[in-house]
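Some notes on the structure that comes next.
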């Protein structure tokens, strides 16, 4: 699916609440960024920040004003 392009996972959740949905932002062949959340139209922009603004708007329209979209930063634990 990502064809070697950078992919960032995003999640939707209410402020201080549990996850409602997850999606991703990826770079497409035209060097633009595309953000995808299930059940919503793709959001396209020139930067990740621009796409995050669009994803936040769509998520708030769908779930309500108290939700946020955040990029997931994975942390590896090694023992």
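The values are calculated or read from the model by the stated rules, or taken from the named source; none is laboratory data. These figures come from a predicted structure and were not determined experimentally. Glycine also receives a Cβ, built like all others from the backbone with ideal geometry; neighbour counts cover every protein chain displayed.
Just one of 31, 47 is over 16 Å from residue 72 (Cβ atoms) and modelled with pLDDT of 90 or more; which is it?
Among 31, 47, only 47 is over 16 Å from residue 72 (Cβ atoms) and modelled with pLDDT of 90 or more.
Being in a loop (DSSP other than H, G, I, E, B), in contact with a helix residue (DSSP H, G or I) (Cβ under 9 Å, 6 or more places away or on another chain) and modelled with pLDDT under 95 is the requirement here; does residue 76 meet it?
On the way: in a loop (DSSP other than H, G, I, E, B): yes; in contact with a helix residue (DSSP H, G or I) (Cβ under 9 Å, 6 or more places away or on another chain): no; modelled with pLDDT under 95: yes.
So residue 76 does not fit the description; no.
Can you name the strands (runs of 3 or more DSSP E) wholly within segment 1-65 that have at least 2 residues being buried (at least 16 other Cβ atoms within 10 Å of the Cβ) and under 10 Å from the mean Cα position of the chain (by Cα)?
It comes to 7-14, 21-27, 33-36.
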